[in-house]
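**Q** This structure is in structure tokens; I'll ask about it shortly.
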Amino acid sequence: MKKRLALVLVAAFACSLLAGCGQPPASTPAQQPAPASGGAASTPEKQALRIGVCLFTKNDEWLADIADQFEKQCAAKGYEVNIQDGNQENEKQVQQIENFIAKQYDAIVLSAADVEGILPAIDKCQEAGIPVVAIDTPIDHPWISTCISWDNAKSGQMLGEYALKYIQENLKDKESINLIMLDGTGYPHLEKRDEGFLKALEGVENLNLIARQCTNANRELSANVINNNIAKGIDIVYGVVDNHAWGAVTALQEAKAEKCAVLSCGGFGEEPFTALENDDPYYKAIIVVPPANVVSESLAAVEKVLAGEAVEPITNIEIGLATHENVKDFME
């Protein structure tokens, strides 16, 4: 009897050892996932995406809002995001991208200061297998998954149509209508805005282009162009980006210039919206590009690419034109 009992105990001990080395049966109630709130079974937690964002500059209200939106939307999705300010320097952006690669980020979102100079860094992303989504500025590289942008030619045309209406309503009796263009020469996507704007004004025979210069999103340089031409009399200023427009506004304010319409071909935020709401004497119209839409489309593209889904080379978002009359429709 004692011998049989000893054998039974040995067998039971051996079974317990084997059970500890293998996976327990899935049907055992103790192994079922704990129910989540609402009673549904939870799924295994996925590792949060890590996204590196490299911006052309943060010294611009629109791009600063882009940065804020990345923070908010990534937080809502549980993603880790690292946002870097390129300060308009290609070398700095190259270093930032190399750091993202070294830290093995899942994806990179980029608005490039130099679409040619950044190409070697994109090569390195390709070698590392890290997808890149461009925003605002298209980059000619096969590894770019998509560019989140908008119809730049259309934005220039829309602003040009506003300028044409402004001329017809306010300047029809002038012998010469003096225009300054703070344009996007050297940036292909911005040049499309310039072309669209001028095309809309082709029928204005007395239009006089007294100065045209790209001031690289620098307000001080933009103001200098206005100051150098203020004595000629300026009727309209076209700014291809909002910092160009605001540099012009500053110079006009300091000079206490007479009636002049400053038009911006892209921007967003409190500064332009407040100026329009208050019927600023100079700042008259802006093409509105909502940062929230840019960021949501960027994140959607990243998710699709990482899931192996196809995306279009260009993802265009909707734009609008804001003036004093309708700016409240665009304000959050």
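**Q** Take the range 148-194 and flag every residue that is polar (S, T, N, Q) and either closer than 11 Å to I236 by Cβ or open to solvent by less than 50 Å² (accessible area, probe 1.4 Å) (or both).
**A** Once the filter is applied, which keeps residues that are polar (S, T, N, Q) and either closer than 11 Å to I236 by Cβ or open to solvent by less than 50 Å² (accessible area, probe 1.4 Å) (or both), the range 148-194 yields S149, N152, S155, N170, S176, N178.
**Q** In the range 126-139, what residues are in contact with a helix residue (DSSP H, G or I) (Cβ under 8 Å, 6 or more places away or on another chain), surrounded by fewer than 23 Cβ atoms within 10 Å (Cβ to Cβ) and not polar (S, T, N, Q)?
**A** Once the filter is applied, which keeps residues that are in contact with a helix residue (DSSP H, G or I) (Cβ under 8 Å, 6 or more places away or on another chain), surrounded by fewer than 23 Cβ atoms within 10 Å (Cβ to Cβ) and not polar (S, T, N, Q), the range 126-139 yields A128, I130, P131, P138, I139.
**Q** While we're here: Criterion first (within 17 Å of the chain's Cα centre (by Cα) and surrounded by fewer than 17 Cβ atoms within 10 Å (Cβ to Cβ)) does D123 satisfy it? Before you say what the answer is, go through the steps one by one.
**A** On the way: within 17 Å of the chain's Cα centre (by Cα): no; surrounded by fewer than 17 Cβ atoms within 10 Å (Cβ to Cβ): yes.
No: the conditions fail for D123.
**Q** OK, next. Could you check the range 160-175 and list, in sequence order, the residues that are in a helix (DSSP H, G or I) and either modelled with pLDDT under 95 or polar (S, T, N, Q) (or both)?
**A** Q168, N170
**Q** Another one. Quick check on V302: is it under 16 Å from the mean Cα position of the chain (by Cα), buried (at least 22 other Cβ atoms within 10 Å of the Cβ) and not aromatic (F, W, Y)?
**A** Yes; evaluated as a whole, the condition is true for this residue.
**Q** Let me ask you something else. Name the pairs whose Cβ atoms lie under 6 Å apart, with the first residue in the range 219-231 and farther than 13 Å from E254 by Cβ and aliphatic (A, V, I, L, M), the second open to solvent by 80 Å² or more (accessible area, probe 1.4 Å) and at pLDDT 95 or above, and 6 or more positions between them or separate chains?
**A** Between residues of the range 219-231 that are farther than 13 Å from E254 by Cβ and aliphatic (A, V, I, L, M) and residues that are open to solvent by 80 Å² or more (accessible area, probe 1.4 Å) and at pLDDT 95 or above, the close pairs are V225/Q213.
**Q** Which members of the range 53-100 meet the condition of being open to solvent by 30 Å² or more (accessible area, probe 1.4 Å), polar (S, T, N, Q) and not in a strand (DSSP E or B)?
**A** If the condition is that a residue be open to solvent by 30 Å² or more (accessible area, probe 1.4 Å), polar (S, T, N, Q) and not in a strand (DSSP E or B), then N59, Q73, N87, Q88, N90, Q95, N99 are the ones that fit.
The values are calculated or read from the model by the stated rules, or taken from the named source; none is laboratory data. Just so it is clear, the structure is predicted and the values come from calculations on it, not from any experiment. So basically every Cβ, Gly included, is an ideal-geometry build from the backbone, and we count neighbours across all protein chains shown. Ligands, DNA and RNA are excluded from the accessible area calculation, which covers all protein heavy atoms including side chains. Shrake-Rupley method; radii C 1.70, N 1.55, O 1.52, S 1.80 Å.
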